[in-house]
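Each reported figure results from applying straightforward, stated rules to the coordinates on display, with no laboratory input. Here the structure is a predicted model, which means the values were calculated and not measured. Note that each Cβ is placed from the backbone with ideal geometry, even for glycine, and that neighbours are counted across all protein chains shown.
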Amino acid sequence: MAAQPIGRFYELMKEVEIPEPYVLTSKIKIPPPTRAQMKAVRAATTDDEVERAILGEHADEIFALYDGRPNAEYEAFAKEINKHFFGPGVDDVEGGSDGSSG
């Protein structure tokens with residue numbers, strides 16, 4: 001029998017509620033952002049870099065999906081994915097960049 005992992009690291013993995021992947025289409029499923037992705041978000045200097053960090057490997061595919069669509073649809077997607085991964089009110093931060101992505 002293998003030894004059970006012990007320590008707070010393993011306990012936290014069981015305690016933290018991780019959101020399900022965000023399913024945009026049958027082919028595009030966006031997993032919750034990793035710590036590395038969030039570090040990239042904090043280091044980003046443009047909206048495009050932030051979006052790419054969050055969307056990960058699906059960024060170009062998602063951009064192509066929305067490029068021919070009204071921008072309001074992409075903005076609704078962006079708000080919804082933020083809420084999905086970071087909780088309600090995430091876009092309500094004072095001084096935030098609401099409406100500046102694209």
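What the table below lists for this structure:
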| quantity | calculated |
| --- | --- |
| Point-to-point label distance, Asp60-Asp48, nm (Cα→Cβ direction, 7 Å offset) | 1.3 |
| Dipole-positive endmost among Ala53, Tyr10, Ala78 within the chain (Cβ charges, Cα centre) | Tyr10 |
| Answer label, with Kirkwood radius over Cα pairs in Å calculated from the coordinates and candidates [x] 14.7; [y] 15.4; [z] 17.8 | [y] |
| Helix-derived mean residue ellipticity, 222 nm - over the chain, DSSP H n ≥ 4, -39500 (n - 2.57), to 500 | -15000 deg cm²/dmol |
| Residues Asn71 and Ser26, FRET efficiency given R0 of 25 Å [Cβ-Cβ distance, rounded to 0.05] | 0.55 |
